[in-house]
Amino acid sequence: MTAPTLTLRSPADGTVLGETPITSAAEVHAASRRADEVFRSRVWSGRTPRERASVLLRLAELMARDAETLARLDCEDAGKPITECRENDVPSAIESIRWFAEAVDKQYGTTTASGPDVLAFTEREPFGVVAAILPWNYPLAMAAWKVGPALAAGNSLILKPADATPRSVQHLAALAAEAGLPDGVLQVLPGDGPTTGAALAEDPLIGALSFTGSTATGRTILAAAAASNLKRVSLEMGGKSPQILMDDALSFGNELIEGMVESAFLTSGQNCTAGSRILVHRSIHDEVVTRFAAAAAALRVGHPADPATQLGPVLTAAAARRMTDAVAQADREGATIVTGGTEIDVVPGGHYVAPTVVTGVAAGSAITRQELFGPIVTVQAFDTRDEAIALANDIPYGLAASVWTARLDDALALARGVEAGLVSVGTYSEGDLAVPFGGWKQSGFGGVEKSLRAFEQWTREKSIWIRHRP
Ligand code: ADP
């Protein structure tokens, strides 16, 4: 019997890019046993943090050497514009590996004030076997957020790339081997969710599992962890993030519209922090809609391999359908489709959804609450700051928000009032690597990415109490 495989298809034009095996449950469990042996052999975990850092820094150099290959693989598999892969995803992945390598020996435990006959201290130790289940929208960049701290801390890591996007992650693992990472410390298991992902979630040896993907899958993983070995689970999930514009927002000039467009349409809006809900003060609503819709309509939609392309395809026909159905539903409810709303025929075999701006949506309507994961943006007007906060928080998600006002009091009141793990003011940004990234409400659970805090996902704290005779 031949092993089951997944056919990788280009989201750009439907051509077949290759076949990839679906790693079976038995193979997943064999991989975790192997990772456990490698961990216990201390071939990696027994090295000093600086020795591990030097291998990871070498990995970062090799990623820079192969940057174009890595960019091309994510562009082909995920349909992301090549310019975005070259200028954003690959450099930021390299930077993540570097940052965590440099950070690993710059952390300290604690000692306690327990008395003259005791030395008590805490330290953080690696789990041993850990795993990450990855999304398809930032295949390499999300892998790097996990690989950096997990390996720097001394774990053996199993990565499951998303079904459609294994190739940049596989190339990353090959580069890690070239950099000197011992065999078996990093294993990449391609496959699908129900087979490979589910087997990881219920594996008895995996001590910590980090997931980035949809809220529905996050729930399933959490239940599987609870039913198996109670592995520590960290979840980064969906969002429906607001962009809040106070009445002075136009004072930011072009930066405002450029920031809004980036927030809404980066990776065709297939971005968990995408600012897909614009909340704007009524006094500037019409002008903002006119300028934003014009900028959205002017985006160059095209084949992702074309360096001029700003907006590529969405991943699948089903995803495109979900988006156009939601817009059609809003239309039936009386909303106004200012621009877009349909698929456009850009490249045969691909699914390209026009940048879409919808106004006049009823509060609480589906299009303002459902994560569509595409280039669909709604605009709602408000009159007061409190109303803006209430609208911003009227969703089950709490990942990110951006706030546009130059008034400090409003900026802080909004930043503090919005229920989200990350708020940017006067810009759209997720911040640099020193800034923790984690969602609130149904966007996040159990840990954060980036910053020194990311090491907490991949290590556990031990208290050591030593009695001695003074
Ligand atoms: P999307 O809907 O955007 O594809 P998912 O949350 O389904 O997002 O996928 C994110 C990752 O989770 C992928 O690597 C996918 O294979 C994996 N996955 C999907 N279903 C499961 C599951 N039941 N258990 C574990 N992993 C899963």
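Considering the range 159-172 alone, what residues qualify as being among the hydrophobic types (A, V, I, L, M, F, W, C) and more than 16 Å from the ligand (Cβ to nearest atom)? Can you show your working first?
In the first step, residues of the range 159-172 are kept if they are among the hydrophobic types (A, V, I, L, M, F, W, C); the result is 159, 162, 164, 169, 172.
Across the range 159-172, there are no qualifying residues.
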May I ask you to say which residue of 114, 156 is more than 10 Å from the ligand (Cβ to nearest atom), touching a residue at least 12 places away in the same chain (Cβ under 8 Å) and under 22 Å from residue 451 (Cα atoms)? 156
What pairs can you find where one residue is in the range 236-260 and more than 20 Å from residue 376 (Cβ to Cβ), the other is among the hydroxyl-bearing types (Ser, Thr, Tyr) and assigned to a loop (DSSP other than H, G, I, E, B), and their Cβ atoms are less than 6 Å apart, with a gap of 6+ or different chains? 246/405; 248/405
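Can you name every residue in the range 337-372 that is of a type in the set (Asp, Glu) and either crowded, with 19+ Cβ neighbours inside 10 Å or on the phi > 0 side of the Ramachandran plot (or both)?
Our first condition is that a residue be of a type in the set (Asp, Glu); within the range 337-372, this holds for 343, 345, 371.
Passing the criteria: only 371.
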Any residue in the range 21-40 that's in the same structural domain as residue 162 (by TED's automatic domain parsing): show its pairings with residues that are surrounded by fewer than 17 Cβ atoms within 10 Å (Cβ to Cβ) and part of a loop (DSSP other than H, G, I, E, B) at Cβ separation under 6 Å, as long as the two are six or more apart or on different chains. 21/3; 22/4
Filter the range 173-192 for residues that are within 16 Å of the ligand (Cβ to nearest atom) and without any contact (Cβ under 8 Å) to a residue 40 or more places away in the chain; the one that is farthest from residue 163 (Cα to Cα) is 173
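Working only within the range 172-189, note down all residues that are in a helix (DSSP H, G or I), surrounded by fewer than 24 Cβ atoms within 10 Å (Cβ to Cβ) and not acidic (Asp, Glu). Steps first, answer last, please.
Kept after step one, since they are in a helix (DSSP H, G or I), are these residues of the range 172-189: 172-179.
Now restrict to residues that are surrounded by fewer than 24 Cβ atoms within 10 Å (Cβ to Cβ): 173-175, 177-179.
Scanning the range 172-189 gives 173, 174, 175, 177, 179.
Just checking, does the range 195-218 include any residue being in a strand (DSSP E or B), within 13 Å of the ligand (Cβ to nearest atom) and acidic (Asp, Glu)?
no
So which of 34, 40 is closer than 12 Å to residue 184 by Cα, of a type in the set (Lys, Arg) and surrounded by 16 or more Cβ atoms within 10 Å (Cβ to Cβ)? Give the derivation first.
Values: 40 fails: surrounded by 16 or more Cβ atoms within 10 Å (Cβ to Cβ).
Every option except 34 fails the conditions.
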Would you pick out the residues in the range 219-237 that are touching a strand residue (DSSP E or B) at 6+ places or on another chain (Cβ under 6 Å) and outside any helix (DSSP H, G or I)? 231, 232, 233, 234, 235, 236
Tell me which residues, restricted to the range 150-163, are farther than 17 Å from residue 99 by Cα and either buried (at least 24 other Cβ atoms within 10 Å of the Cβ) or not assigned by TED's automatic domain parsing to the domain that holds residue 459 (or both). 155, 156, 157, 158, 159, 160, 161, 162
From the options 147, 169, 130, residue that is surrounded by 24 or more Cβ atoms within 10 Å (Cβ to Cβ), in contact with a helix residue (DSSP H, G or I) (Cβ under 9 Å, 6 or more places away or on another chain) and either among the polar types (S, T, N, Q) or outside any helix (DSSP H, G or I) (or both): 130
What residue, among those in the range 312-361 that are of a type in the set (Asp, Glu) and touching a Ser or Thr at 6+ places or on another chain (Cβ under 7 Å), is farthest from the ligand (Cβ to nearest atom)? 333
Within the range 238-251, take every residue that is closer than 23 Å to residue 437 by Cβ and in a loop (DSSP other than H, G, I, E, B) and give me the one that is farthest from the ligand (Cβ to nearest atom). 241
Single residue of the range 57-81 satisfying the filter (more than 29 Å from residue 104 (Cβ to Cβ) and out of contact with any Phe, Trp or Tyr (no Cβ under 7 Å at 6 or more places or on another chain)) that is surrounded by the fewest Cβ atoms within 10 Å (Cβ to Cβ): 72
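What number of residues within the range 81-127 satisfy the criterion of being assigned to a strand (DSSP E or B) and not acidic (Asp, Glu)? Break it down stepwise before answering.
Looking only at the range 81-127, we keep the residues that are assigned to a strand (DSSP E or B), and these are 110-111, 118-126.
Still in the list and also not acidic (Asp, Glu): 110-111, 118-122, 124, 126.
Total meeting the criteria: 9.
The values are calculated or read from the model by the stated rules, or taken from the named source; none is laboratory data. Computed from a prediction, not measured in an experiment: that's the story for all the values here. Glycine also receives a Cβ, built like all others from the backbone with ideal geometry; neighbour counts cover every protein chain displayed.
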